[in-house]
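Everything on this sheet refers to the single structure shown next.
Quick note: the coordinates plus some simple rules give every number you see, no bench work behind them. Since the model is a prediction, treat every value here as computed from it, not as a measurement. Virtual Cβ from ideal backbone geometry, glycine too; neighbours counted across all protein chains shown.
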Amino acid sequence: MIDCDLALAAPPVSALRDHLEAYWRDSVRERGIRSLEPSYELPGRAPRRPEPGPGTTLAIVRPLAAIEALHAEDLAAALAGGLNDWLRAEWLDRDPRLRGSITVAPQSVEAAVAEIERLASDRRFVQVLLPLRGLHPLGRRLHWPIYDVCARHALAVAVRPGGNVGSAITPVGWPSHLAEDLAGQSQAYQSQVTSLVLEGALGAHPALRVVLVASGVTWLPSLTWRLDKNWKGVRREVPWVDRPPSEVIRRAMWLTVPPVDAPLDALPELLAHEGMAAMLLRAGGQGPVPDGVNFDANARQAYPRLGH
Amino acid sequence: MATQVATGLVDCDIHNTPASEARLRPYLAERWRRHVERFGTRTRHGLATGYPYPKATPGAARVDAWPPDGGPPGSSLQFLREQLLDPLGVAFGILNCLAAGAGQTDPELGAALCRAVNDWQLAEWLEPEPRLRASIVMPYDDGELSAAEIDRLAGVSGFVQALMLVRTLEPIGRRRYWPIFEACERNGLPLGIHFGGYAGHPISSSGWPSFYLEDHTGMAMSFQAQLVSLVFEGVFERFPGLRVVCIEGGVAWLPALAWRMDRVFEELRDEVPELSRRPSEYLREHVWLTTQPVEEPERPEQLLQVFERIGRDRLLFATDYPHWDYDDPARAFPAPLPARMREGVYAGNARALYGLPAGPSSPAGEG
């Protein structure tokens, strides 16, 4: 089994010391920068020493670090680099079943591209993490250099929860509860899928693969129905989208489960949606997943670097 | 030509608009007439007139909806009768006026404009046309001013709901909006939430998208966010009589949202201890949706499945006349509605919700 999402708590910043240049090593100590733990999860939820489950042949490790929350792009880029080198030394070098995620500082597209280029020759890295929430929708052209380099190096782009950096998580301002935040993530994913398709980012990068991590899946069918309808009506606004959005999504996007944000008895119905069975990837962790999905075959489609 | 699909059709979303700003002047207090002349009106985006996301068509209207008298679409009652009410056999139509008022940065000005719009609706639409009913427009980001406007008009015949736009300053479960819910409950009026609005927050949680297409699609997510807020803030616990109508948000997303909220609730219920039931139960009891713009799945039966899951008694047919994405009652759905849904969706559900009389239209006073 290929585990496409083995989540790992961000290490304390002190653990990155050996992987930082002297200036940044001094900075984090002098300024008391200790933690990159993100705010969108229950405290202490992510495991520090996760183990691939029984029968796991490959597992893609994803450190949960809120690099994007820092407003200084040089600091963010330095910590992202340190985290990536730490991941290599502490995880990828120690277990041949593990594959890595490249953490970048999305504050600077230039720095993100440089970091991806720096690590691309290490074939154990199979994806680049981008936060669900950033300063600009992911489809906008300022992000395209990241997609260029990912497509060139056969790296998937993984959009993962988090990224409390600018706008409120809802289109109507800041909610009160974590419950609203978690429910609201599905609206944030809908916006990003819409942006990636309509801006033409996927059309312009036919080799690009996008994985939506821990996104839930039930929101996708109604979104594609609405998008296809709106595209029929207003496609003159986006003439580069030359086919229904649902086709673009099915060709280029995958979603990890569990969690499935549906009750058990709705799982078969979910798979009845066109293309859904081919879009699901297996994440480790607790919770039911639909039967009748060839998760490993899907994973090798989503992650060209896993091979066949 | 239009086909009549149901006897006693109720259209739950029709847009009327003043032919020009001058048409509202007689209804605006002198102090605010002078204010508008000198300072104009002001919303939270950068264009004095027009839209940051230019619409698909001028005024977002059907190209054939411009009245012969030269006014903008939705400004002529006579043309509305000829183009919509008569040919479709509309027994009752609910007016949702989107003219300036709601969304003003100055809540006092917003309240004055809303009062003017409501008085104009009463004099020029409700009194002359017994088939029409109207929503009370209000400066919805100010709970107290909005409640006052609801109280002023709730007893006036023809007004059947209070109306806000979906893009608010804060999620509407928060306390600033509670006076609106109290006033709706007190007066027995549903609260309509309609597509649109400019409260200043980007429609995506990653900032501003580029296209009208994204803004239009993103409205569905805005409705989702509002229902999440209403449920998790405990609004339906505090205001058990509140009925919410999502207007022009689409419908197919609701079952998935309910599932997701139930899952989150299972995990985090002690964060919101005032909730005594699962989120899906509140949604099933308190929420209605108008059908337009109805989603178009690959297979028609998928839409019927969604309708059943939402509750066929909670769906209200709407055309959105005179806008470009108008749904024709005979062609809106990918397949004809089965008999078990038809009467309710096209007429019965709205009659029950808004307290409209059975049978043909009667003077507004009896509605």
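Points to keep in mind about this one:
- Positions within the stretch B:59-79 being at positive phi and part of a helix (DSSP H, G or I), in sequence order: B:GLY59, B:ALA60
- Any hit, the stretch A:173-181, residues being of a type outside the set (Asp, Glu), at the interface with chain B (Cβ under 10 Å from one of its Cβ atoms) and in a helix (DSSP H, G or I): yes
- Verdict on B:LEU283 being within 30 Å of B:ALA6 (Cα to Cα), more than 8 Å from chain A (Cβ to nearest Cβ) and within 15 Å of the chain's Cα centre (by Cα): no
- The residues on offer are B:ALA256, B:ALA252, B:ALA318, and the sole one that is buried (at least 24 other Cβ atoms within 10 Å of the Cβ) and in a helix (DSSP H, G or I) is B:ALA256.
- Of the residues making up the stretch A:223-244, those that are within 25 Å of A:ALA156 (Cβ to Cβ), at the interface with chain B (Cβ under 8 Å from one of its Cβ atoms) and out of contact with any Pro (no Cβ under 6 Å at 6 or more places or on another chain) number 2.
- For the stretch B:161-178, a tally of residues being assigned to a helix (DSSP H, G or I), within 11 Å of another protein chain (Cβ to nearest Cβ) and touching a Phe, Trp or Tyr at 6+ places or on another chain (Cβ under 9 Å) returns 1.
- The lone exception for A:VAL211 - which of (1) surrounded by fewer than 24 Cβ atoms within 10 Å (Cβ to Cβ); (2) more than 7 Å from every other protein chain (Cβ to nearest Cβ); (3) touching a residue at least 40 places away in the same chain (Cβ under 8 Å) it fails: (1)
- Hits in the stretch A:67-80 - residues which are within 18 Å of the chain's Cα centre (by Cα) and surrounded by fewer than 24 Cβ atoms within 10 Å (Cβ to Cβ): A:ALA69, A:ALA77
Yes/no matrix, rows are residues, columns are (1) surrounded by fewer than 24 Cβ atoms within 10 Å (Cβ to Cβ); (2) hydrophobic (A, V, I, L, M, F, W, C); (3) out of contact with any strand residue (DSSP E or B) (no Cβ under 8 Å at 6 or more places or on another chain); (4) within 11 Å of chain B (Cβ to nearest Cβ):
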position	(1), (2), (3), (4)
A:ALA158	no, yes, no, no
A:GLN190	no, no, yes, yes
A:SER195	no, no, no, yes
A:GLY203	yes, no, yes, no
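- Any hit, the stretch B:329-347, residues being surrounded by fewer than 16 Cβ atoms within 10 Å (Cβ to Cβ), under 18 Å from the mean Cα position of the chain (by Cα) and not in a helix (DSSP H, G or I): no
- Single match in B:ARG133, B:ARG152 (criterion: basic (Lys, Arg) and under 16 Å from the mean Cα position of the chain (by Cα)): B:ARG133
- Selection count, the stretch B:273-287, where residues are in contact (Cβ under 8 Å) with a residue 24 or more places away in the chain, of a type outside the set (Val, Ile, Thr) and within 19 Å of A:TRP219 (Cα to Cα): 3
- Of all residues making up the stretch A:8-66, the number that are part of a helix (DSSP H, G or I) and in contact with a helix residue (DSSP H, G or I) (Cβ under 6 Å, 6 or more places away or on another chain): 7
- Scope the stretch A:197-221; condition over 13 Å from B:GLU214 (Cα atoms) and part of a helix (DSSP H, G or I); matching residues: A:ALA201, A:LEU202, A:GLY203, A:ALA204, A:TRP219, A:LEU220, A:PRO221
- Scanning the stretch B:98-117 for residues that are crowded, with 24+ Cβ neighbours inside 10 Å and within 16 Å of the chain's Cα centre (by Cα) yields B:GLY101, B:ALA102, B:GLY103, B:CYS114, B:VAL117.
- A search for C-beta distances below 6 Å between a residue of the stretch B:222-246 that is in contact (Cβ under 8 Å) with a residue 40 or more places away in the chain and within 18 Å of A:THR170 (Cβ to Cβ) and any residue that is assigned to a helix (DSSP H, G or I) and of a type in the set (S, T, N, Q), counting only pairs 6+ apart in sequence or on different chains, returns B:ALA225/A:GLN187.
- Being under 23 Å from B:GLU343 (Cβ atoms), charged (D, E, K, R) and more than 8 Å from chain A (Cβ to nearest Cβ) is a property that does not hold for B:GLU274.
- Residue that is away from chain A (no Cβ under 14 Å) and on the phi < 0 side of the Ramachandran plot, where the choices are B:ARG340, B:ARG299: B:ARG340
- Options B:SER205, B:SER222: the member that is under 21 Å from A:LYS229 (Cβ atoms) and polar (S, T, N, Q): B:SER222
- Filter pass, B:GLU267 being within 22 Å of the chain's Cα centre (by Cα) and within 12 Å of chain A (Cβ to nearest Cβ): no
- Only residues that are surrounded by 21 or more Cβ atoms within 10 Å (Cβ to Cβ) and assigned to a helix (DSSP H, G or I) were counted across the stretch B:190-248, and they come to 22.
- Residues being in contact with a Pro (Cβ under 7 Å, 6 or more places away or on another chain) and at the interface with chain B (Cβ under 9 Å from one of its Cβ atoms) - total across the stretch A:259-282: 2
- Screening B:GLY207 against (1) more than 22 Å from the chain's Cα centre (by Cα); (2) on the phi > 0 side of the Ramachandran plot; (3) touching a residue at least 60 places away in the same chain (Cβ under 8 Å) leaves a single unmet condition, (3).
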